[in-house]
Ligand code: MEV
């Protein structure tokens, strides 16, 4: 049996605007998806059911790309610490861990760029062709990741990702960011609204908004500036500035129509004990996050509001081979 794992992610800056080439920053979080694969009789299975492209589009796409459709049947088991459809990258973590497991099964090297590429294609297929590589790159590389339309000086460039989207050809440069040592005293408190929010619909909604109101593209550009300023502030450990920029990012996301009253309420509550707070991921429900040096206070305040909470450091290991 082969077992692999990959972390979920929390986007600090740039969700939605990254789909249009603007920069985005995400950290891997301390909650993982684990994938185990072992030979079985009959047909391919996933969590006891036959593997099906309707139920498991990411995994079927990865199996076909990495091994081919005719590879001998295996049973796949998935265990996840992540709230699903909540903006924490559970499907990207499944794609990255699944890809690593299938590569390992066929004795192929666990090359990070290869894993991130296969996983990004699987995400894009499942999201009607509109997926940036932020989730899959963070699940693969771990730590703190910056995705941008150009090579950025403040970060370590890793590789380039391309994708043909319904809005045209896109290209992203993927970097990792070294956080200062002071980041070990800073925490992210992630609060889950309990509302399932399908990324595909939210990304499509933003595409429709931008096509009906092209003037909104200036907000997308401002989100890119906020993300760049966020990287500068993060690199020097200026968490007060990072927090202010997170607050601004939330307002810009509200303007794109991807927040909801529950997220706005939790963001407001969390700001009282944190540097800043915003929704994270596609929005429409799902999760918000707060950057804080008082994680217990922020977590307690969110729990009082009925939110489920996860406290995580900024960064966790990327895709890992647990049992070869
Ligand atoms: C989802 O985690 C982030 C979005 O920007 C979509 C994407 O980047 O593909 C909303």
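The numbers here are math on the coordinates, done by the rules we state, and not lab data. Quantities reported herein were computed from a predicted structural model and do not represent experimental measurements. Neighbour counts run over all protein chains shown; Cβ positions are idealised from the backbone, glycine included.
Points worth noting:
- Residue 321 paired with residue 49, simple spin-label distance in nm, labels 7 Å along Cα-to-beta-carbon: 3.1
- With 0.36 nm allotted per residue and the present C-alpha distance subtracted, the residue 236-residue 264 stretch has 7.2 nm of extension available.
- Crossing angle, helix 239-255 versus the chain [Cα axis fit, 0-90 degrees, rounded to tens]: 80
- Residues 274, 218, 95 in ascending order of nearby Cβ atoms (within 10 Å, fewest first): 218, 274, 95.
- Approximating the spin labels as points 7 Å out from Cα along Cα→Cβ, the residue 208-to-residue 69 distance works out to 3.3 nm.
- Protection proxy ranking of 70-82, 287-299, by the mean of other Cβ atoms within 10 Å over each peptide's residues and highest first, is 287-299, 70-82.
- Take the Kirkwood radius over Cα pairs of segment 2-179, plug it into Stokes-Einstein at 4 °C and 1.567 mPa s, and you get 80 µm²/s for translational diffusion.
- Of all DSSP beta bridges in segment 2-179, antiparallel share, percent nearest 5: 95
- Working from Cα pairs under 8 Å separated by at least six residues, relative contact order for segment 51-150 is 29 percent.
- Rounded to the nearest 0.05, the FRET efficiency derived from the C-beta distance between residue 79 and residue 156 at R0 = 35 Å is 0.65.
- Normalising the Debye intensity of the chain to I(0), with uniform scatterers on Cα atoms only, and taking log10 at q = 0.12 Å⁻¹ returns -0.76.
- Cα centroids of segment 75-151 and segment 288-311: 27 Å apart.
- Angle in degrees between helix 57-66 and the longest Cα principal axis of the chain, rounded to the nearest 10: 60
- Between helix 217-235 and the chain: long-axis angle, C-alpha atoms, 0 to 90°, nearest 10: 90
- Förster-model FRET efficiency, 41 Å R0, residue 106 and residue 297, C-beta, rounded to 0.05: 0.25
- Note on 63, 130, 55: ascending count of other Cβ atoms within 10 Å places them as 55, 130, 63, the fewest first.
- Segment 52-96 shape via C-alpha gyration tensor axes, a/c threshold 1.5: prolate
- Taken along its three principal axes, the alpha carbon spread of segment 181-313 comes to 43, 34, 21 Å, from the longest extent down to the shortest.
- A simple spin-label model places pseudo-atoms 7 Å from Cα toward Cβ; at residue 218 and residue 178 they are separated by 4.0 nm.
- Computed over the chain, relative contact order equals 25 percent, with contacts defined as Cα pairs under 8 Å that lie 6+ residues apart.
- Rounded, prolate or oblate (a/c below 1.5 giving rounded, otherwise prolate when a/b exceeds b/c) for segment 36-117 by Cα gyration tensor: oblate
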